[in-house]
Amino acid sequence: MGLLNLDEESGEVSTELVFYVNGKKVVEKNPDPEWTLLWYLRKKLRLTGTKLGCAEGGCGACTVMISKYQRKEKKVVHLAVNACLAPVCAMHGLAVTTVEGIGSTKTKLHPVQERIAKAHGSQCGFCTPGIVMSMYTLLRSCSKISYSDMEVAFQGNLCRCTGYRAIIEGYKTFLEDWETTRISSEPNGTNGKTNGVCGLGKDCCKNKTDDSETEFIFDRSSFLPYDPSQEPIFPPELKLYSLYDEQYLIFRGGKTTWYRPTTIESLLNLKKKYPDAKIVVGNTEVGVEVKFKHCVYPVIIMPTLIPELNSVVEIDNGLTVGASVTLMDLELALRKYIEVLPTYKTRTFVTIIEMLNWFAGKQIRNVAAIGGNIMTGSPISDLNPILMALKVKLNLSSAKDGNRSVLMDEHFFTSYRRNIVKPDEVLISVEIPYTNRFQYVKAFKQAKRREDDISIVTAAINVEFEDYNNKIKYINLGFGGMAPVTKLATKTSEALKGLKWNEEMLEVAYKEMLEELPLSPSAPGGNILYRRSLTLSLFLKAYLKIAKEMSKDYVHEDLVVPYHSSGAEQFHGALPKSAQYFELVGDKQIRSDAVGRPIQHVSAFKQTTGEAIYCDDMPIAENELYLAFVLSTKAHAKVISINAEEALKEPGVVAFFSAKDLTPEQNAIGAIFHDEELFISEKVTSQGQTIGVVIAEDQQTAQAAARKVKVEYEEIQPIIITIEDAIEHKSFYKQYPKGIKNGNVQATFDDPNNIIIESECRMGGQEHFYLETHAAFAIPKKEDDELEIYCSSQHPTEIAKLASHVLHVPMNRIVARVKRMGGGFGGKEARGMLIALPVAFAAHKLQRPVRCMLDRDEDMLMTGTRHPFLIKYKAAVTKEGIIMGAKVDIFNNGGYSLDLSGPVLDRALFHYENAYYIPNCEVNGYVCKTNLPSNTAFRGFGGPQGMYGAECMITDIAYKLGKNPDDIRKINLYKENHITHYQQTLTYCTLQRCWDECIEKSNMAQRKMDIENFNKQNRWRKRGISIVPTKFGIAFTEKFLNQAGALVIIYLDGSVLLSHGGTEMGQGLHTKMLQVASRALGVDISKIFISDTSTDKVPNTSATAASAGSDLNGMAVLEACEILVKRLQPYKEKNPNGTWENWVSAAYMDRVSLSATGFHATPDIGYNFAKNEGRAFNYFTFGAACSEVEIDCLSGDHQVIRTDIVMDLGESINPAIDIGQIEGGFMQGYGLFTIEELIYSPTGTLYSRGPGAYKIPGFGDIPQEFNVSLLKGAPNHRAVYSSKAVGEPPLFLASSIFFAIKEAIKAARADAGVPLEFRLDSPATSARIRMACEDHITKKIPESKPGSFMPWNVVP
C-alpha cells in the first residue's frame, strides 16, 4: 500500500469496499468515489429492479433499504434511501436490500409486493419497486404502523399512473388494526371469520349500508398474512465484528479521493491539507451538483465515524447536535426530549419537527445532515430561517486555530451560499436552545406542493414576551426565499420591541417588513408580488398561532376572534376514504370468460418484484456503445461552427455524428411534415435541439465528451417564447387559421335580447413526467442492413418508418420492438424519434449495438410538453343563461416544429363547447410558431384545453348574470339527438344521467349549504364546490389512423401467442386484449400470452393513442380469434366433451392452419373540415365530477376534500383497470389545473427541468374522499364487447377542482369587499390563489409597471 501520509493515521487503513447486497457479500477492490449505489447495482451487479427516474432524489424510483447495526443500542436500523444519490463508497459495512431481495415470482412474493399488485396499485410499474421498498422499509422498522407513518414513508415517492388511491388501499391492510384482526381470526380457516363473525367487527363489509362494490375490486382475503419472523436476517458478519465500522477508509478514483477518517484530529488535518475538500454525509446536495452541474470535487471526506459530529448531547440551556447527525436522527432525538421535558421548554423542538415533515422526502431526511443544510446555505432552506431566528451557536474547529464558536445571526451568511466559516474549519456541532415560559417559536413554509418540495418563502418567528403579559421583550424574524441568503429582519425586530401583541403591532410589522424585505421585479425565482405578500401573510399566521397559544397558556382571554382563528392552521393529511361502484359479473358468465372481471394487470407481479424488463434494463450486448447528445444552448441562432476535436481525443470515444454525416433529405424528419432536422445544420430555433451525438464505450465517457464539443453561435432576433409574442410577430404556421362555422353567430350578437360576454382565458402546458425517460437500444444484425430497435415508444411503426428514411434501408429490414413503457401519456407518440433515430443511425454506421436513455433534465429540455393555449371568446346568452351563439379564437403554442400541433388544435376546435349545446358558432384556431421545444401529444390532446375555454365561458356568464355556474351548466347540457357544431348527432347520450347521478351521489345540495356556513365562520379559510361534465370524442381525427391489426397463433400444446398493434404503457391494454381473446376463444386467460409489440408481427400500425387502443386492437383481436374458432368448430362438434388441447391437436393433424390475422378499420368515419360534414368520432365517452376544496387565503395553499366521479364506460372490459385509468387521469388533470407549472426564461431557457423545480401531485395531494362510479346499464354498440374508451376522457374532470377553487376565492373576495368578477388562469398555483384573494395585505404590495423591467420568467 506504500507509506501513508501523516494525516492518514498510523492505524488500520483500508482501500477495499465491503458491503452486502440481498444477503450476498460484495468486495470491490477499487471503488470509484464517483459511483452511485444505483449505478453499481444496475451496471456492476446487474440488479435492474431498482430504477433511475430523476437522479436527484426527487421521485423515489430508486429507493432501496440500507441496514446498519448500531453497536451502542445493539439493534439493526433500516433506512429507505435514494440509490441515485447514495455513493457506493458510503455503503462500507452496511447491508443493502433491493426489490429483488425480498421476493420474486419464481420463489415467493413478499406480502408488500403481492398486495400492491392485487390492489391494482401498479400500472406502468416503473415507480413500483421504489414504492415497494419504501413500504418494506417501514414494515421492517416499525412494528405497529399508523396511517401517518405510511404518509411519511411515501413523501419521497412519485407515481404518474395510478392516482395513488389503489396503492394506499393495498397498503392500508398493513395498518396495525387490519393485520391484527386478520391474524387473530386466521386459524379458524373460515375466510378470516371467527364463529362466522367477521374479524373486522363493525367494519365488516356486510355492515356497510352503501351499495358500493369497493369490497370486490380486489380480494383482501387472498392476501398472504405478513409474518415479520420470516424476513431475511441481517448479515451475521456485520453484527459480530466491528472491523468495518472502525476502519479508516481511503478510496482513490480517477478524479476523486474519498476519505473516511475515524477521529476528529485526522478530520481537521485532512481539512488543513485540503481546504477545498467537501465534507459529505448524505450526498444529497453534492450528488446533484456532480450530476447536473458537473462539479468535480477532488477530495471528499465522510465524517460519519467521528463521535463529536454524530452525537446529540444535553447541555444546560438546550441540546448540542453534532453536525453530521441526520435529519431523521435529529427528529428522533427531539421527540425523546419532547416526551420528558415540560411543554414550554421544547417549543423550538416541536417547530423544528413540524418543519422537518415538509423537508424533502423521507429518503433524503434519512441521510442528509443538519450541518450540510447549514453549510450549503441555500437561500430557500427550510431549517436555516428557524436556526437564524434562534441565533443558534455553531461550534467550529480547525487544526491551526483550534475551537471557536459563532452565532448563526445576520452576519453568518456573507453572500449567495457563502458564510464566515474559514476554509480549513469544520462545523462540529450546533447548539439548539430550550425555550422559556414566555417564548414562542413558529415557522411556516409555502411551496408549490406541500410534501417534498423546496420552499417559495419560509418564515420563522422567535418571540419572547415580558412575564405574564403580551408585551414583546424581543423578537427575531428569519426569512428564506427573500434574498440570495437567509435573512433576518433586524430593523423590524427593533421596531416591534416593547409593543403589545395585537393588531396595531401587525401594522407596524407590515410597514417595516415591506421596507426591509424588498425584491427586485427581476429577482430569480419570479413570483415577486406573491413572495412579498407571503412575508406578511406568514407573519399574520404566526401572529394568530402565537396569540391562540398565549390565550391558552397564561393570558386567559381570547386574543383571536373565532372568525380569524383558522388562519393560524396549516393543512394536514388524513386517512383517505374511497368507494368504487361498478357492475359485478360474478356467476353471470362462465368462469373462463375473463371479460368484465376486475383482473389485475398482467405484469403487476413482475413489476412489484423488479423482474419486468424496460428498455434500459435489457442485458448489455457485446461491444455495446452509449450515445450522448450535444444540445443547442440558444433559442434562436445561426450555427457558425461545430468542433468535436477535443471530444474525439477522449479515451473511449468512438465517434461524433452531426448533419455533415447525412444528406439534407435523410436529415429531414417529422411526425406529419418533415419540417425538422435530426441534427441541426445551420440554424437552431430552440434550446435543446440536437446538434450532434457522441458515441463512446460507456455513459460517463460519452456525456463528458459531449460537453467538450464546442459550438459557436451568432444570435438572431426576435426570440419568440409566448403566445402573445407570436401574435405580435404574426408567427403562425402557414396552414392556419382553420375553423368550423355553424349557424349564424352574428345574428345572436345583434339580437338586443341577448347579453354579450367577452373575455379570454389561458391554460399552461404540462410536462409528461413519465417515470421512465425516453430510451432506445439498437442492435445491427451484421448482414443485409438488418437492424433491431428496442424503444420506449407508443408508435413503433413510426420509429421503423423514420429509421428506414434516415438510413436509406427498406422497412422490411428494420424491426422496432416495444416490450413495455414506464408511462407514455402521449409524450412517447411522436417525440421518441429524437432518441431512437440517432441511436439507430449510430448502430447502423458503426455496426455495433448502441444504447441511450435520456437523463431527466435532457428529457424535459428536448421532448416538449402539453400545448399552452390562449382562448378568446365572445358569447351571446339569454337572460336565463342559455347560450345562443359563440365566437371563439384558439391559439396554441406549437414550438419550433409542427409535430402534432395541428391535430391537437383540431381536437380543441371539436371540443371548444365541452358538453354544452351552442346552436350558432364560429371557432378558429391558430398554431403559434415559437422558439421553444416542439410541443406534442399529451393525454387529452387539445380536448381539455378546448373544454377549459367552455367552462371559463360558463363561469363568466354566471358571474355576469349573478347566478351559480352549476345552474348555467345544467341548462346548457347536450341532450339526446342534439347535433354538434361539426354535424354529428348525439345518440346514446348519457350526459344527463352522469350529471344527475353525480349530484345525487355527492350529496351536493346539502354540502353547498354546509360550505356557505363554513365560509361565514372562517375569514382565512374558504371552501368551494363545483361540478363539471365532460363529453370526449373517441377516434383519431385523421381517418386513415383508425385501423389496427392482430396476429393470433395457437401452438401444438394449446398455448396461444397473441400479438397486436398496441403498446403497453401501464394502461392495461395487453391485459384487456388477453380478456377479449379469452372470451372469443373460450379458453382460460392463463393459456394466452403477449410477448411484445413488434413491427415484424403486426405491420403498419397506428400509434397507441387517442384512447382508441383497446377499441381498435380489441376488434382486430376479436376478428382473428373468430376466424380460429370457426376453423376449430368441426373438431368441437366431433368431440364435444374433449379439451381445448384435443381440438387443437385434431385440427393440426387435419392440416388446418392454427394462426390467423385480424384487421379492423372503424366503419363510417371521416370528417371534412372544408365542408363541415362527415362523422368525426366513432362515439363519445361521457362523465361528470363534483369536487370540494378548501383554500388557505393567506398562503394560497389548498386541499381537495372530496371528489365524486361518475363515468359512462359502457360495459367495462376490466372495471379495476378502468377505475385505475379514471383515478390516474384525474390526478394528472389535477396537476395540470393546480400545481404543475412550466417555467421558461424570457430567452427560452427551461428552468423547470426535474422534480426539484417541477411538481407533479404526490401521495398527499389526493382528495381526502375519492369516489368513482361506472354508470350501469349503458352498453356501447360501437366498440368491442360494448365497452368504451377510458384513457383521456377523465383527465378534464379534474377541472372541477380548479372551478371549486375559483368559487372559494370568490367567497374570500366577497369578505374582502373586492369585485366578484376576476380572472384566474390555469394552473391555479398557490401564488395565483393567494393573489386572487385580494385583501389588506395584497393591497400593500406595489406593482412594477410591465415593460419597465425584464422578468425572470415568462408564461409560454
Got at least one residue in the stretch 69-84 being open to solvent by less than 20 Å² (accessible area, probe 1.4 Å), without any contact (Cβ under 8 Å) to a residue 60 or more places away in the chain and either not in a loop (DSSP other than H, G, I, E, B) or not hydroxyl-bearing (Ser, Thr, Tyr) (or both)? yes
Looking only at the stretch 566-603, count how many residues are in contact with a helix residue (DSSP H, G or I) (Cβ under 7 Å, 6 or more places away or on another chain) and free of Cβ contacts under 8 Å to residues at least 40 places away in the same chain. 1
Taking the stretch 89-101 as the search range and keeping residues that are among the hydrophobic types (A, V, I, L, M, F, W, C) and within 27 Å of the chain's Cα centre (by Cα), which one is surrounded by the most Cβ atoms within 10 Å (Cβ to Cβ)? Val99
Return a yes/no flag: does the stretch 992-1005 have any residue that is polar (S, T, N, Q), open to solvent by 40 Å² or more (accessible area, probe 1.4 Å), free of Cβ contacts under 8 Å to residues at least 24 places away in the same chain and touching a strand residue (DSSP E or B) at 6+ places or on another chain (Cβ under 8 Å). yes
Test: residue in the stretch 637-650 that is within 28 Å of Gln847 (Cα to Cα) and either open to solvent by less than 30 Å² (accessible area, probe 1.4 Å) or within 32 Å of the chain's Cα centre (by Cα) (or both): yes
Could you count how many residues in the stretch 222-249 are within 19 Å of Ser324 (Cα to Cα) and β-branched (Val, Ile, Thr)? 0
Can you tell me which of (1) out of contact with any Gly (no Cβ under 7 Å at 6 or more places or on another chain); (2) under 15 Å from Ala915 (Cβ atoms); (3) crowded, with 22+ Cβ neighbours inside 10 Å; (4) in contact (Cβ under 8 Å) with a residue 40 or more places away in the chain is the one Ile954 doesn't meet? (4)
Yes or no: the stretch 1284-1294 includes at least one residue that is modelled with pLDDT of 95 or more, open to solvent by 10 Å² or more (accessible area, probe 1.4 Å), among the aliphatic types (A, V, I, L, M) and in contact with a Lys or Arg (Cβ under 8 Å, 6 or more places away or on another chain). no
Top-ranked residue of the stretch 1067-1117 - restricted to ones that are open to solvent by less than 20 Å² (accessible area, probe 1.4 Å), assigned to a strand (DSSP E or B) and not aliphatic (A, V, I, L, M), ranked as nearest to Phe825 (Cα to Cα): Thr1093
Per-region count, the stretch 651-660, residues open to solvent by less than 60 Å² (accessible area, probe 1.4 Å) and within 16 Å of Arg707 (Cβ to Cβ): 4
Taking Ile386, is it buried (at least 18 other Cβ atoms within 10 Å of the Cβ), at pLDDT 95 or above and not in a strand (DSSP E or B)? yes
Among the residues of the stretch 290-312, are any over 30 Å from Asp855 (Cα atoms), in contact with a Gly (Cβ under 7 Å, 6 or more places away or on another chain), assigned to a loop (DSSP other than H, G, I, E, B) and touching a residue at least 60 places away in the same chain (Cβ under 8 Å)? no
From the option list Lys336, Lys345, single residue qualifying as more than 30 Å from Val288 (Cβ to Cβ), touching a Phe, Trp or Tyr at 6+ places or on another chain (Cβ under 6 Å) and charged (D, E, K, R) is Lys345
From the option list Ile352, Ile338, single residue qualifying as at pLDDT 95 or above, in contact with a strand residue (DSSP E or B) (Cβ under 8 Å, 6 or more places away or on another chain) and of a type outside the set (S, T, N, Q) is Ile352
Tally the residues that are outside any helix (DSSP H, G or I) and either free of Cβ contacts under 8 Å to residues at least 24 places away in the same chain or aromatic (Phe, Trp, Tyr) (or both), restricting the search to the stretch 31-56. 1
Subset tally (residues that are touching a strand residue (DSSP E or B) at 6+ places or on another chain (Cβ under 9 Å), touching a residue at least 40 places away in the same chain (Cβ under 8 Å) and surrounded by fewer than 21 Cβ atoms within 10 Å (Cβ to Cβ)) for the stretch 484-503: 2
Examine the stretch 377-395 for a residue that is among the basic types (Lys, Arg), more than 21 Å from Ala153 (Cα to Cα) and touching a strand residue (DSSP E or B) at 6+ places or on another chain (Cβ under 7 Å), and state whether such a residue exists. yes
Take the residues in the stretch 504-548 that are outside any helix (DSSP H, G or I) and hydroxyl-bearing (Ser, Thr, Tyr); name whichever of them is most open to solvent (accessible area, probe 1.4 Å). Ser520
The residue that is surrounded by the most Cβ atoms within 10 Å (Cβ to Cβ), considering only those in the stretch 965-991 that are of a type in the set (Val, Ile, Thr) and in a loop (DSSP other than H, G, I, E, B), is Thr990
What are the pairs, 6+ residues apart or on separate chains, where a residue within the stretch 604-618 that is part of a loop (DSSP other than H, G, I, E, B) has its Cβ under 6 Å from a residue that is of a type in the set (Asp, Glu) and buried (at least 21 other Cβ atoms within 10 Å of the Cβ)? Tyr614/Glu772
Let me confirm something: among His120, His110, which residue is over 27 Å from Gly824 (Cα atoms) and at pLDDT 95 or above? His110
On the basis of being charged (D, E, K, R), in a strand (DSSP E or B) and in contact with a strand residue (DSSP E or B) (Cβ under 7 Å, 6 or more places away or on another chain), does Glu1223 make the cut? no
Run down Ile1050, Ile1027 and say which single residue is in contact with an Asp or Glu (Cβ under 8 Å, 6 or more places away or on another chain) and either buried (at least 24 other Cβ atoms within 10 Å of the Cβ) or farther than 26 Å from His1070 by Cα (or both). Ile1027
List the number of the failed condition for Asp899; all other conditions in (1) part of a loop (DSSP other than H, G, I, E, B); (2) touching a helix residue (DSSP H, G or I) at 6+ places or on another chain (Cβ under 8 Å); (3) among the charged types (D, E, K, R); (4) buried (at least 22 other Cβ atoms within 10 Å of the Cβ) hold. (2)
Filtered residue count, the stretch 339-361, keeping only those that are open to solvent by less than 50 Å² (accessible area, probe 1.4 Å) and not hydroxyl-bearing (Ser, Thr, Tyr): 12
Which condition breaks for Gly322 when tested against (1) among the small types (Gly, Ala, Ser); (2) at pLDDT 95 or above; (3) out of contact with any helix residue (DSSP H, G or I) (no Cβ under 9 Å at 6 or more places or on another chain)? (3)
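The values are calculated or read from the model by the stated rules, or taken from the named source; none is laboratory data. The structure displayed is predicted, hence computed values, not measured ones. Using ideal geometry, Cβ is built from the backbone for each residue, glycine included, and neighbour counts are taken over all protein chains shown. Note: areas computed on protein heavy atoms with side chains; ligands, DNA, RNA excluded. Shrake-Rupley method; radii C 1.70, N 1.55, O 1.52, S 1.80 Å.
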